[in-house]
1. Could you tell me which of the residues 257, 232, 244, 199 is within 27 Å of residue 101 (Cβ to Cβ) and not in a loop (DSSP other than H, G, I, E, B)?
2. Just to be sure I understand, how many residues within segment 65-104 are touching a residue at least 60 places away in the same chain (Cβ under 8 Å), surrounded by fewer than 23 Cβ atoms within 10 Å (Cβ to Cβ) and in contact with a Phe, Trp or Tyr (Cβ under 6 Å, 6 or more places away or on another chain)?
3. Just to be sure before I move on: is residue 218 out of contact with any Cys (no Cβ under 8 Å at 6 or more places or on another chain), more than 14 Å from residue 154 (Cβ to Cβ) and either without any contact (Cβ under 8 Å) to a residue 12 or more places away in the chain or outside any loop (DSSP other than H, G, I, E, B) (or both) in the structure I sent?
4. Return the total of residues in segment 105-117 being among the aliphatic types (A, V, I, L, M), buried (at least 18 other Cβ atoms within 10 Å of the Cβ) and out of contact with any Phe, Trp or Tyr (no Cβ under 9 Å at 6 or more places or on another chain).
5. For segment 66-122, what are the residues that are in a helix (DSSP H, G or I) and in contact with a Cys (Cβ under 9 Å, 6 or more places away or on another chain)?
6. Scan (1) of a type in the set (Gly, Ala, Ser); (2) modelled with pLDDT of 95 or more; (3) in contact with a strand residue (DSSP E or B) (Cβ under 7 Å, 6 or more places away or on another chain) for the single condition residue 135 breaks and write down its number.
7. When residue 209 is evaluated against the numbered criteria (1) touching a residue at least 60 places away in the same chain (Cβ under 8 Å); (2) under 17 Å from residue 184 (Cα atoms); (3) loosely packed, with under 15 Cβ neighbours inside 10 Å, which criterion, by number, is the only one it fails?
8. State which residue is modelled with the lowest pLDDT when the search covers only segment 138-183 and only residues that are crowded, with 16+ Cβ neighbours inside 10 Å and among the hydroxyl-bearing types (Ser, Thr, Tyr).
Amino acid sequence: MWNSRMPTSGPDLRRRGGMAVRWTGWAAIAALGAGCLVFPAAARAQPDDAAISDRGQQLYAEHCTRCHGATGEGNPPTFPALSGNNQLEDAARIVQVIGQGSGNMPPFPTLTTADIAALASYVRNAWTNSFGGVSADTVAAEASLSADADRTTSVWDGVFTDDQAVRGQSAYSGACSFCHGRRLNGAPDDPDMRSSPPLARARFLREWEGRSLATLYEYTRLTMPEDNPNSLADEEYADIIAYLLSASGMPAGDDELAPDSRSLARIVIRQQQ
């Protein structure tokens, strides 16, 4: 079932049955509107701070390599290449995409102003790129960005209901268990198949630590089931995530997970309370 067109970076993407996201958020960079602000070369901050460069590389590895590859090569047209992409010259647009999301790419509200500046600077200057850095002042000047990090919550705060988790278990059994195992441990039903990434408990939580439920939701919705991606209703994907959280020991609450990336982006996956 493995799709040979998927990128092979990251710890689990070489596994048969592993998830491979098909976000197109960075593709929005290739279709910039006439009203976008382009920063002149003279105003660019230069990425001469080694600590900022290292931080940007770390953030890229954590949040971007699954789609765009370790060397920015992408896998066009599904995953736009970032290396040699002249559209990255628009610093303001990059800041907006990272902070707010675009298309199927969710926002990253847990990133600080300094994080966004470091990540944008890294992407604009890594590999074959040489577009100059992005300062924290530039990020802060983007009035459309909000301080969402102060409004995030954790998966341990009762973000789904018991009924939703029950529905999710039923949907998982029909669409996911053949590859990822009836116990969500990555052991497929077919003994001749290679194991898939587990979708619950310790290893799953380590893999997704610090990421938002929006990332997991879009990652799942756009690539699963692997032989027929995005074939379930949006509500079913949200229900399945509720089941994964329940199976991992998270408590239920009074409100269901909404199939909406903007609200899910404010719920962060943590291994512990």
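1. Numbers: 257 fails: not in a loop (DSSP other than H, G, I, E, B); 232 fails: not in a loop (DSSP other than H, G, I, E, B); 199 fails: not in a loop (DSSP other than H, G, I, E, B).
Of the residues listed, the single one that is within 27 Å of residue 101 (Cβ to Cβ) and not in a loop (DSSP other than H, G, I, E, B) is 244.
2. 1
3. Yes; evaluated as a whole, the condition is true for this residue.
4. Start the filter on segment 105-117 by keeping residues that are among the aliphatic types (A, V, I, L, M), which leaves 105, 111, 114, 116-117.
With the extra rule that they be buried (at least 18 other Cβ atoms within 10 Å of the Cβ), the set shrinks to 105, 111, 116-117.
Imposing the further condition that a residue be out of contact with any Phe, Trp or Tyr (no Cβ under 9 Å at 6 or more places or on another chain) reduces the set to 111, 117.
Residues in segment 105-117 being among the aliphatic types (A, V, I, L, M), buried (at least 18 other Cβ atoms within 10 Å of the Cβ) and out of contact with any Phe, Trp or Tyr (no Cβ under 9 Å at 6 or more places or on another chain): 2 in total.
5. Going residue by residue through segment 66-122, those that are in a helix (DSSP H, G or I) are 66-68, 86-89, 91-100, 113-122.
The answer is 92, 93, 96, 119.
6. Answer for residue 135: the failing condition is (2).
7. Here residue 209 clears every test but (2).
8. Per the criteria, the residue is 138.
The values are calculated or read from the model by the stated rules, or taken from the named source; none is laboratory data. All values derive from a computational prediction rather than experimental measurement. In this analysis, Cβ positions are derived from the backbone assuming ideal geometry, glycine residues included, and neighbour counts consider all displayed protein chains.
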